[in-house]
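> This structure is in structure tokens; I'll ask about it shortly.
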Amino acid sequence: MRQYISKKLLHAIGVALVISIVSFFLLFYTADPATMLLPENADDEDIAAFNAAYGLDRPLLVQYADYMGKFIGGFDFGTSWVAKVPASQLVGDALWPTLLLALVSQIIAVGLAIPLGIISAIKRNSLLDNFTTLFVLIGQAMPLFWLGIVLMIVFGVYLQWLPVSGSGSWLHIILPAVTLASFVLPLNMRLVRSGMLEVMNQDYIRTARAKGVFENKVIARHALRNATIPLVTVTGIQFGALLGGAVVTETVFSWPGLGRLAVESIRVGDFPVVQAIVMILAGFTILANLAADIGVAWLDPRIRFD
Amino acid sequence: MAPADITMTDKTANLADARARRSKLGIWMSRAWRFRMGVFGGLIFALLVVMAVFAPWIATHDPFEQDILFRLTPPVFLAGGDWEHWLGTDQLGRDLFSRIVYGARISLAIGVGAVLVAGLIGVVMGLLAGFFGGWLDAIVDFSINAMLAFPFILLAMTLVIVLGASMENIILALGISNWPIFARVARVETKKLREQEFVVAAQALGYSTVRVIFRHILPNLTAPILVIATVEIARSIIRETFLSFLGLGVQPPTPSWGLMLSEGRDYILTIWWLSTLPGVAIFLAALGINLTGDALRDFFDPRLKRR
Amino acid sequence: MKQLRNKLAALAAGGLALAMTAVPALAAKDSMTIAFVDKFHTMEPYQTSARQMLQMAYMIWDPLVLRDPDTGELQPHVATSWSNPEPTIWEFDIRDDIVFHSGNKLTAESVRYTIEGRILDPDVNSPRLPNFKWIKSVEVVDDDTFRIHTHEPYPIALQVLNTLYVMDEKWAAEHDFQYIQEHAMGSGPYQWVEWNKGSNVVLKKNPNYWMEGVPAIENVTIRIVPETATRLAELFAGSVDFAMNLQLDQLPSFEGRPNYEVLEGRIIRVDFWQFDSRERASESPVSDVRVRKAIAHAINKELIVERLVGRGGYRVNTPMSPYHFGVKEDAGWYEYDPEKAKQLLAEAGYPDGFEIDLWQYSDHQNLPNQAAMQMLAKVGIKVNLNDYRGNTQQMGKLRRAGQVTGIGNFNWGSYNIFDADAILVPFFDMESSNNYAGNEELSDILEKARFSVDPEFRMAQYAKAQDIIYEEVYWMPFFGLVRFYGKSVDLDIKAGLDEVPRFQFAKWKN
């Protein structure tokens, strides 16, 4: 087991390293904060001075070494070029709102996915199954920002039941969470459905059925528990994928999260922040994968020798 | 799964027996139904292709022709509409219907293009990794995990920024960001296939590696890859709308649905047709393609064949 | 560790905030909520060049001089009078009754500290330095008088001082750099209360403000709403009283909503097409002046302005707005005449037209360019669009690197300096990296005008410069921009030519 874990750990570190290198070079190669930050009337001298102050006139490798040094030293991602505060602070501030949004979205998505998935699995291929599949596919087929704006107009402007955007109260999270939930709902539902189907065909279920155990109890006790395991593992890993939806949702709903920060930072070319976001997200995903791998190996010893 | 489970179903207690009889009829009906979903999806897919191929004949106007004096006329079913432009005109007076029709080309090109790029890279890498194993496998597996850990949207954004936002580059960016999905499936399937009897037999008979790959492995990869490919086409089309939202999608004046959707989103309160009609087009296209993919998956799923 | 603590605190605070349920009610009459487009990166005005700071700054700080929103004229504000005893010395008298929100008095020393300590000091790396580097030093004569010594005679000094917000030097001495980035201390009509990064800034009335009756509204909240559709929705939902920067085609949604109306603000930002006349980026047909003239003739600028720019938008014939100092009154222009355009093209050797690049980076979709492209297509010129909307910084880099081939579409706000120098020098000075014209004579004229303090002389020079630009068609001036703001009908407020609505003077009508 120890061997397995250390192997996976090394793997994870390697992945993280590669990601940091690739994104660094990609971003810093195109970096030009001077144009964004200095006033329109700045001339070449001013720009050169500015670049020198940020160390951007050094060769890329030197900049990378410097960057990694700071990072390994104390998770210092450098200072934001735009905001003069540590990039980690900006990312940290934006992380919680996104986590919250992701959490609520997942709760809604999972909350809907489980019943829908169960119905879909039990009444497999029935009309009901098809309609739920269709309903769920709506989220996947509909452009997220369009859905968000329509929800905002209907519930915020016309009905005025909910606030349009922002992040002041419980009510503010509803619309963005629902919008984002539609993004992850299809996958979740499919997982529950296929998990259920797989389990429902297992021998021990048939045995239980054969013994005359009441159908619903069968489902609830045995099938459900097993069907939701893949769902749980995926939820953690989905965080990185969720960002794609978060980018749009947070911009539309003025939610001060990581997605919005990422887009704004890329636009202004505030690359220390972008790099920080990339690394933190990658880190999350890698950790989630690692935890999943280890967890699965712990549960199923055969995998350790893969 | 052996035929044993069917007989078992038949031979078990009354409850199961009654269920089996009921479900036989149910199976037949549901197969037709499932067929229906897939057929429905397939029809839409076909319609999409038709629209794309025959655009010049279906469209009523040149999608680039502007007429500023007639900008923002509504569709016929609203007040002020005109059959001349039966779905209305956009902000530069261009006919919306024609732009939507031509937009099918763009969306299809992007969807299929991105999948071709991703599929080519992914299948090759996955197949080679799965077949040869060893250090090649380790590297490919590593790369797949690395890329999957990288937030997709950031990668695509950065690539488009670095390369510039042209249609080719967008296809490239979407494709490159997506090859791991294909590689992963190809790798796992190849590994499975390699252990299968017919492959082992072929190798024992002394067939060359190339032949084994092309005649035994590759054809059997088609099914799973095809399923993934259809779904990814729809996903790529949707992803282009994300890029358009950020200003990094297909550039004006090209009639891309994603661009129209994005440009029109500020006006959903009044000139809603600018954004909604292309949105409906995207929705139907993605829906149709997804349903087709689902149907294909069910079609190829060995478990389902039993029932 | 501190970071971790901060994060936990933020989480707790966030949780607490969420626990309070309240849909924001219609804005009460003692408060005003404004929706800005972009978020703030700092609370210090000299550590950012972003426009949103400009738009907020007049509420929290007092500048030396303030612009009349309608005419653009500079009026005394902190400075009561000024003079130019020598070409390189500007002397100012300031008010003696201004007190910062901290209680400290605003004196000449405050001004000196602001300029020397927060802008000129190389250690602070102020991005606003380029605007102020003409200042050599600031001399405090007494509490209410100071002198600015410049390196060279600098005629537009006053224009720049319009954005000199005076900071509290005693307060600054008590706090470190980081603190100053996150807290604002000024002497203006509003006191800074708090900044929720990415979400909003809260301000409240300064009870001791020196101007009578200002401000009229007790509380101000500035919310950050980046998405245009959302901004409008917020306005119509009643949670915002003033929405910045709306789009032309959103204006019809105000019909049938009598509680809201549109405020148009014409601004000095002008949109123009720059030609790579000296073939700096690549060989190009536009190196021939006849081709440039043809392009100018081929585009129906008036129709475009009328239909696509909207109410308040205006066509410009000059390479600057009518409000810039030095603008030529009776400038010539190239009429819409596609036949003439084709003729000129044929003369220049392009009877069948040609292909050319057009670069743009507007912050929203650019309808005028698209219409213009279509018109050019009609005379045979096929235009390839390069849009850097998602990546505006790259555009600037390319422009400076001399890689903008063919035609570059830019708009220039002149950084709120209503002077020809601010718009012509960056593009026509031989030493500027934005120069695609390569005209030495023009560059010399601009140099002379820049360092003279004689307004008549300068006007004459700029008139000459504009003639050259017109003859050579280095630019095709396109139109002057107009900003559309949405507001509650009961809010009485003016928009400024300088793109800054006068929030501090706003009041509720009933």
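The values are calculated or read from the model by the stated rules, or taken from the named source; none is laboratory data. All values derive from a computational prediction rather than experimental measurement. Glycine gets a Cβ as well: all are built from the backbone with ideal geometry, and neighbour counts include every protein chain shown.
> Before we move on, is B:Thr230 more than 9 Å from chain C (Cβ to nearest Cβ), over 26 Å from C:Tyr361 (Cβ atoms) and either in contact (Cβ under 8 Å) with a residue 12 or more places away in the chain or assigned to a helix (DSSP H, G or I) (or both)?
yes
> Could you tell me which of the residues C:Arg112, C:Arg118 is among the basic types (Lys, Arg), buried (at least 18 other Cβ atoms within 10 Å of the Cβ), touching a residue at least 60 places away in the same chain (Cβ under 8 Å) and touching a helix residue (DSSP H, G or I) at 6+ places or on another chain (Cβ under 9 Å)?
C:Arg118
> Moving on to the next point. Among residues belonging to the stretch A:49-96 that are part of a helix (DSSP H, G or I) and of a type in the set (Val, Ile, Thr), point out the one that is farthest from the other protein chains (Cβ to nearest Cβ).
Once the filter is applied, the top-ranked residue is A:Val62.
> Name the residue that is farthest from the other protein chains (Cβ to nearest Cβ), counting only residues in the stretch C:449-460 that are surrounded by fewer than 19 Cβ atoms within 10 Å (Cβ to Cβ) and modelled with pLDDT under 90.
Only one residue tops the list, namely C:Asp454.
> All but one of (1) within 18 Å of the chain's Cα centre (by Cα); (2) within 14 Å of chain C (Cβ to nearest Cβ); (3) surrounded by fewer than 21 Cβ atoms within 10 Å (Cβ to Cβ) hold for B:Ala223; state the number of the condition that does not hold.
(2)
> With the requirement that a residue be within 7 Å of chain B (Cβ to nearest Cβ), over 25 Å from the mean Cα position of the chain (by Cα) and within 28 Å of B:Asp294 (Cβ to Cβ), what does the stretch A:128-177 give you?
Within the stretch A:128-177, just A:Asn130 meets the criteria.
> Test each condition in (1) away from chain A (no Cβ under 14 Å); (2) within 24 Å of C:Asp357 (Cβ to Cβ); (3) of a type in the set (Phe, Trp, Tyr) for C:Phe427 and report the one that comes out false.
(1) is the only condition that C:Phe427 fails.
> To continue, here is another question. Give C:Ile469, C:Ile445 a once-over and let me know the one that is within 23 Å of C:Ile304 (Cα to Cα), assigned to a helix (DSSP H, G or I) and touching a helix residue (DSSP H, G or I) at 6+ places or on another chain (Cβ under 8 Å).
One residue alone meets the criteria, C:Ile469.
> Still on this model: Determine, yes or no, whether A:Ile286 is of a type in the set (Val, Ile, Thr), part of a helix (DSSP H, G or I) and either farther than 27 Å from A:Met1 by Cβ or modelled with pLDDT of 80 or more (or both).
Taking the combined requirement at face value, the residue does not satisfy it.
> Within the stretch C:410-424, how many residues turn out to be within 8 Å of chain A (Cβ to nearest Cβ), assigned to a helix (DSSP H, G or I) and in contact with a His (Cβ under 9 Å, 6 or more places away or on another chain)?
Of the residues in that region, 2 qualify.
> Which one is farthest from B:Arg99 (Cα to Cα), of the residues in the stretch B:280-290 that are touching a residue at least 24 places away in the same chain (Cβ under 8 Å) and facing chain A (nearest Cβ under 7 Å)?
B:Asn290
> Name the residues in the stretch B:92-133 that are more than 14 Å from chain C (Cβ to nearest Cβ) and in a loop (DSSP other than H, G, I, E, B), would you?
The one that is more than 14 Å from chain C (Cβ to nearest Cβ) and in a loop (DSSP other than H, G, I, E, B): B:Gly133.
> I would also like to ask the following. Which one is modelled with the lowest pLDDT among residues in the stretch C:395-429 that are touching an Asp or Glu at 6+ places or on another chain (Cβ under 6 Å) and of a type outside the set (Lys, Arg)?
Ranking the candidates gives C:Tyr415 first.
> I'd like the residue in the stretch C:168-205 that is in a loop (DSSP other than H, G, I, E, B) and of a type in the set (D, E, K, R) and, out of all such residues, is nearest to A:Val91 (Cα to Cα).
Within the stretch C:168-205, the match that is nearest to A:Val91 (Cα to Cα) is C:Lys197.
> Moving to a separate point now. Mind listing just one residue for me: the one in the stretch B:58-73 that is surrounded by fewer than 17 Cβ atoms within 10 Å (Cβ to Cβ) and assigned to a loop (DSSP other than H, G, I, E, B) and, of those, nearest to the other protein chains (Cβ to nearest Cβ)?
Result: B:Glu65.
> Right, here's the next one. How many residues, within the stretch B:270-290, are surrounded by 24 or more Cβ atoms within 10 Å (Cβ to Cβ) and closer than 29 Å to B:Val227 by Cα?
The total comes to 7.
> Working carefully through the options B:Ala156, B:Ala138, find the one that is part of a helix (DSSP H, G or I), within 12 Å of chain A (Cβ to nearest Cβ), within 18 Å of A:Gly245 (Cα to Cα) and modelled with pLDDT of 80 or more.
Matching residue, one of B:Ala156, B:Ala138: B:Ala156.
> Additional query: Determine whether the stretch C:347-358 contains at least one residue that is farther than 30 Å from B:Tyr267 by Cβ, modelled with pLDDT under 90 and of a type in the set (Asp, Glu).
Yes, the stretch C:347-358 contains a residue that is farther than 30 Å from B:Tyr267 by Cβ, modelled with pLDDT under 90 and of a type in the set (Asp, Glu).
> A further question follows. Name the residue, out of B:Gly247, B:Gly206, that is buried (at least 20 other Cβ atoms within 10 Å of the Cβ) and in a loop (DSSP other than H, G, I, E, B).
None of the others qualify; the one that does is B:Gly247.
> Would a scan of the stretch C:485-501 turn up a residue that is in contact with a strand residue (DSSP E or B) (Cβ under 8 Å, 6 or more places away or on another chain), in a helix (DSSP H, G or I) and at negative phi?
No: zero hits.
> Would you say B:Val162 is without any contact (Cβ under 8 Å) to a residue 60 or more places away in the chain, in a helix (DSSP H, G or I) and either in contact with a Lys or Arg (Cβ under 6 Å, 6 or more places away or on another chain) or within 14 Å of chain A (Cβ to nearest Cβ) (or both)?
For B:Val162, the condition - without any contact (Cβ under 8 Å) to a residue 60 or more places away in the chain, in a helix (DSSP H, G or I) and either in contact with a Lys or Arg (Cβ under 6 Å, 6 or more places away or on another chain) or within 14 Å of chain A (Cβ to nearest Cβ) (or both) - is met.
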